[in-house]
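The values are calculated or read from the model by the stated rules, or taken from the named source; none is laboratory data. Just so it is clear, the model here is predicted, and its values are computed rather than measured. Cβ atoms come from the backbone with ideal geometry, glycine included; neighbour counts cover every protein chain shown.
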Amino acid sequence: MPREVVADDTVEVKAIAIIPARLASTRLPRKILQDINGRSMLAHVYEAIRACRRVSDVIVATDSEEIARVCRENRWHVRMTSPEHRSGTDRVHEAAQSLDADVYVNVQGDEPLARSEHLDVLLTLMERQDVQVGTLKTLCPAEDIDNPNAIKVVTAFNGQALYFSRATVPFTAIARGGYVTTSTSVSTLTANRRWMPSTPGRSQNWSATNGWNSCASWITELRFT
């Protein structure tokens, strides 16, 4: 069924959010099921994203039967994926192959502060027909300049991502000289309109290397690290 055209350069999109989840995390094992105020981290993420009315479905993609059991107990949609994946992006890629949507949103399961309004901003960006991949960005606070866990992005004036880095960008000396606001940190909400063939690592590289990634600004004090 054709999508409804709502403006000259935008279309309504069918979006599915996929949350890659595993237990064998390196820095904090089993973090996806860690208790936060009486609920698991995954519960906070799933329910926040499900609150977004513009998402047709929210699916957990996992290789863990324990996580799958938690999903079934809570009536969350879940898909089992291969234990061989090297990244969450590859796990999302596998799940997306059997799902019919215009846009697939990769929502990291270890972001309990994710909110439905963040997804609204991202999906507004993805309604533009010229955008193939989108990511949220926010101004990088001074304390995260040297933080490798805060991914930085450099964008063109039109919002197109030029490159991403865990290192300080453009570089530490300039950043400390007062240009902190030129660096932005990237959230872990990323939307893709299509996927490349499944090759280890390739789905990760595609958005950054082909110049199709656009960043939508999220102006708030909330930080993603």
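When Ala21, Ala43, Ala61, Ala17 are checked against the criterion of being touching a Phe, Trp or Tyr at 6+ places or on another chain (Cβ under 9 Å), surrounded by 15 or more Cβ atoms within 10 Å (Cβ to Cβ), closer than 15 Å to Val105 by Cα and modelled with pLDDT of 90 or more, a single residue qualifies: Ala17.
To keep it simple, each residue is scored yes or no on (1) modelled with pLDDT of 80 or more; (2) in a strand (DSSP E or B); (3) touching a Gly at 6+ places or on another chain (Cβ under 7 Å); (4) surrounded by fewer than 19 Cβ atoms within 10 Å (Cβ to Cβ).
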residue	(1), (2), (3), (4)
Leu125	yes, no, yes, no
Gly134	yes, yes, no, no
Glu143	yes, no, no, yes
Val169	no, no, no, no
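Only one of the listed residues (Arg69, Arg79, Arg86) is part of a strand (DSSP E or B), more than 14 Å from the chain's Cα centre (by Cα) and farther than 15 Å from Thr190 by Cα. That residue is Arg79. Of Thr89, Thr81, Thr26, all but one fail to be surrounded by fewer than 21 Cβ atoms within 10 Å (Cβ to Cβ) and of a type outside the set (A, V, I, L, M); the exception is Thr26.
Search the range 92-114 for residues being among the charged types (D, E, K, R) and out of contact with any Lys or Arg (no Cβ under 7 Å at 6 or more places or on another chain), and hand back the single one that is surrounded by the fewest Cβ atoms within 10 Å (Cβ to Cβ). Among those residues, the one meeting the criterion is Asp100. Restricting the range 24-39 to residues that are β-branched (Val, Ile, Thr) and within 20 Å of the chain's Cα centre (by Cα) leaves a set whose member that is modelled with the highest pLDDT is Ile32.
Residues that are over 25 Å from Asn149 (Cβ atoms), in contact (Cβ under 8 Å) with a residue 60 or more places away in the chain and either buried (at least 16 other Cβ atoms within 10 Å of the Cβ) or in contact with a Lys or Arg (Cβ under 7 Å, 6 or more places away or on another chain) (or both) do occur in the range 115-122.
The selection criterion, being more than 12 Å from the chain's Cα centre (by Cα), under 14 Å from Val58 (Cα atoms) and either hydroxyl-bearing (Ser, Thr, Tyr) or exposed (fewer than 15 other Cβ atoms within 10 Å of the Cβ) (or both), does not hold for Asp130. Of all residues in the range 89-119, those satisfying the criterion of being under 18 Å from Thr138 (Cα atoms) and in a loop (DSSP other than H, G, I, E, B) are Gln108, Glu111, Pro112, Leu113, Ala114, Arg115. Checking Thr62, Thr81, Thr135, Thr89 one by one, the residue that is polar (S, T, N, Q) and closer than 22 Å to Asn158 by Cβ is Thr135 and no other. Residue by residue through the range 127-161, note down the ones that are over 19 Å from Asn192 (Cα atoms), β-branched (Val, Ile, Thr) and out of contact with any Phe, Trp or Tyr (no Cβ under 7 Å at 6 or more places or on another chain). Hit for the range 127-161 is Ile145, nothing else. Being touching a residue at least 24 places away in the same chain (Cβ under 8 Å) and in a loop (DSSP other than H, G, I, E, B) is a description that applies to Leu23.
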